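Heads up, the thing below is written out as structure tokens.
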Amino acid sequence: MPEKLIAIGLDLGTGGARVAAMDFQGHMVAEGRADFPAGASRVDGAQVEQDPFVWTNAAETALRQLAAGLPADCQIVGLAVDATSGTFLLADDDGRPLTPGVMYNDLRATNEAGRAADAVRPALAPYGIEVAAAFALPKLLWFARHTPDLFHRCRRMVHQTDWIVGRLCGRYDVTDVSTALKSGVEPATLQWPAAIESQLGIPCRLLPKVVLPGTPIGRLTGDAAAATGLPVGTSIVAGCTDGTAGCLASGAKQLGDLNVTLGSTLVFKAISAQPLLDPAGAVYNHRHPAGGFLPGAASTTGGEWVGAYLADENLDALGRRAAGQLPSGHIAYPLVKTGERFPFACPTATGFGLDRITDPGERFAAGMEGVAFLERLGIERLEQLGLVVGPTVYATGGGVAGETWLRIRAAVMGRTYCTPRFPQCAVGAAVLAAMPHWGGCGQAVAAIVRAGQTVEPDPDLAEAYTRPREQFRAALQERGYVR
């Protein structure tokens, strides 16, 4: 019998490791998981750190679980890792940590951010990237300024993804371009801007070689095989950030495909041949593993309002009630925090409308509609910037679980909404692990990702939403949020 070919993805998040083995018919053959121990994150004021060996232990435990569940007749074509964006540590010549893992939400480098941004702005502005305090680059500058002796002993900057890859194959000197974005790499050239060394004094020899996701890096060592239960020599392939992995897991694979993730916020990622330049600075551009770009943006509005307004309600029951109350007859902008980022930038924007609705079913319907109206404005904004958006939106995130919300979004957008059967980031990493076998990203997505649910736009409901959509925009205009 021929061997079953599989690809393995390992997702390292803020709370643990998740792994998935996918075959090329879209089945999850095996999986594993391991949570970090309580107190894994150390928070000291603006500093947020984790022990990198906690990452190692969780990854190895999850991989052992997965290995125990693999069929005897399988052949692993590759393993790739995704992890949080901007998390890193400093290491010596032998890959031993000199610092804890400095997390993506560590804000110790607030005072260094401006100088770091100024230095690399000429190189990164064409991609809509503006360095912020949470980026890795200003934190490198912080170490150079505040711990010069330690920084002098540093021989290598190692991202979270690179740390796990190094433990697996022994190479700590390679990273992928999506992981390197917050460290200041130029996405199109995969090169580090000379200003990092000439203006910031950070030697470029400390920075890893940058490759596209899906590039083979090395092979599983004997020690790593003993720790994980996987075969010696398994191919280790360059991974990506968790956000990029989530986009791959959504099923988006062609130019114009759009992935919208509805979590506490609303995150847009599209596939484009060229960077999408936004004068307002809300859109930034990752590289796509296939070689193009992933323009993306994030709204402050998403699903956070559900917990704020309907925390004690049965959402499944409310969803069924709301399905019979569409359109709701209410205009609501369900922003919980102050300030909006996309599709319009207004630091003083506040939500409106939900407080006036007393019936929970109507409130749920109106909130879902408000997010959908905002999502449409986001798609229109991307189109105004030159993106040609395809007819299908690839939807991920906890908010896609309810069919009523998908039905609203499809009608408001006039597009088909498709959710993946397995939306986990680990599946997106498995796509990258399969790329060398298939010879391309689109082919790997087609082999591994399968649709879970498809919702077509209801023509009658779409027509019924024409006027409420206009009223929503008018309400934003009256408050000065949009023109």
**Message:** Compute the angle between helix 403-413 and the longest alpha-carbon principal axis of the chain, please, reported from 0 to 90 degrees and rounded to the nearest 10.
**Reply:** 80
**Item:** Unit Cα scatterers, Debye sum, the range 274-389: log10 I(q)/I(0) for q = 0.21, 0.23 Å⁻¹
**Value:** -1.07, -1.19
**Fill in**
Note, the range 461-470: 3J(HN,Hα) by Karplus (6.51, -1.76, 1.60, θ = phi - 60°), whole Hz, Gly/Pro = x, goes 5, 4, 5, 5, 8, 4, 5, x, 4, 5
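Can you give the FRET efficiency to the nearest 0.05 for A68 and D173, using r as the Cβ-Cβ distance and R₀ = 35 Å?
Given R0 = 35 Å and the Cβ-Cβ separation, E is 0.65.
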**Asked** Can you give me the Cα centroid spacing of the range 346-382 and the range 169-183 in angstrom?
**Response** 39
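How much accessible area per residue does the chain have, in Å², with a 1.4 Å probe? Write down the numbers at each step before the final one.
On the way: 18600 Å² over 483 residues.
Result: 39 Å² of accessible area for each residue.
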**Prompt:** Binned at 10 Å from 0, what are the whole-percent values of the Cα-Cα distance distribution for the range 97-231, short to long?
**Reply:** 12, 41, 33, 12, 3
**Request:** Can you check how the C-alpha radius of gyration of the range 331-441 compares to 2.2 N^0.38 Å, as a plain ratio?
**Result:** 1.30
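Please compute the contact order of the range 256-401 in relative form: average sequence separation of alpha-carbon pairs under 8 Å and at least six residues apart, divided by the residue count, as a percent.
30
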**Prompt:** Between E130 and A226, how many nm apart are label points set 7 Å from Cα along the C-beta direction?
**Reply:** 5.2
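Do you know the relative contact order of the range 70-146, to the nearest whole percent, from alpha carbon pairs under 8 angstrom that are 6+ apart?
26
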**Request:** Subtracting the Cα-Cα distance from 0.36 nm times the residue separation, let me have the gained length for N105 to A273 in nm, one decimal.
**Result:** 57.4 nm
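Rounded to two decimals, what is the ratio between the C-alpha radius of gyration of the range 14-63 and 2.2 N^0.38 Å?
Here the Cα radius of gyration is 1.47 times the empirical estimate.
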**Asked** Using only the Cα atoms of the chain, what do you get for the radius of gyration and for Dmax, in Å?
**Response** 22.7, 68
**Prompt:** Is it possible to state the helix-based mean residue ellipticity at 222 nm for the chain, with each DSSP H run of 4+ residues giving -39500 (n - 2.57), the sum divided by total residues, to the nearest 500 deg cm²/dmol? What is it?
**Reply:** -11000 deg cm²/dmol
**Asked** Using alpha-carbon positions, what is the distance between the centroids of the range 1-39 and the range 73-88, in Å?
**Response** 9
**Request:** Multiply the residue separation of A194 and K337 by 0.36 nm, subtract the distance between their alpha-carbon atoms, and state the gained length in nm to one decimal.
**Result:** 47.6 nm
**Prompt:** In what sequence, largest accessible area first, do K337, K139 appear using a 1.4 Å probe?
**Reply:** K337, K139
**Message:** I need the P(r) histogram for the range 174-267: all alpha carbon pairs, bin width 10 Å from 0 out to the longest distance, whole percents.
**Reply:** 14, 30, 31, 22, 2
**Prompt:** For the range 460-483 and the range 436-455, what is the separation of their C-alpha centers, rounded to whole Å?
**Reply:** 36
**Hull volume in cubic angstrom per residue (convex hull over the Cα atoms of the range 332-375)** = 55
**Complete:** Between the modelled labels at Q75 and D93 (7 Å from Cα along Cα→Cβ) the distance in nm is 4.1
**Message:** Tell me the angle of helix 425-438 to the major Cα principal axis of the chain, expressed in degrees between 0 and 90 and rounded to the nearest ten.
**Reply:** 60
**Fill in**
A correct Kirkwood calculation over the Cα atoms of the range 87-133 returns a hydrodynamic radius in Å of 12.4
**Request:** Using a 1.4 Å probe over the heavy atoms of the protein chains, calculate the carbon and sulfur portion of the accessible area of the chain as a whole percent.
**Result:** 50
**Fill in**
To the nearest 10 degrees, the tilt of helix 360-384 (Cα long axis) against the first principal axis of the alpha carbons of the chain is 60
**Prompt:** What is the diffusion coefficient of the range 224-301 in µm²/s, taking the Kirkwood radius over Cα pairs and the Stokes-Einstein relation at 10 °C with a viscosity of 1.306 mPa s?
**Reply:** 112
**Asked** What percent do you get for the relative contact order of the chain when only Cα pairs under 8 Å and 6+ apart count?
**Response** 16
**Prompt:** Roughly how compact is the range 47-135, stated as its Cα Rg over 2.2 N^0.38 Å to two decimals?
**Reply:** 1.51
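On a full-extension model of 0.36 nm per residue, what is the gain between K209 and L255, subtracting their alpha-carbon distance, rounded to one decimal in nm?
The span from K209 to L255 would gain 13.8 nm if fully extended.
The values are calculated or read from the model by the stated rules, or taken from the named source; none is laboratory data. Computed from a prediction, not measured in an experiment: that's the story for all the values here. For neighbour counting, all protein chains shown are included, and Cβ atoms are generated from backbone atoms with ideal geometry for every residue, glycine included. What goes into the accessible areas is simple: the full protein's heavy atoms, side chains included, and nothing from ligands, DNA or RNA. Shrake-Rupley method; radii C 1.70, N 1.55, O 1.52, S 1.80 Å.
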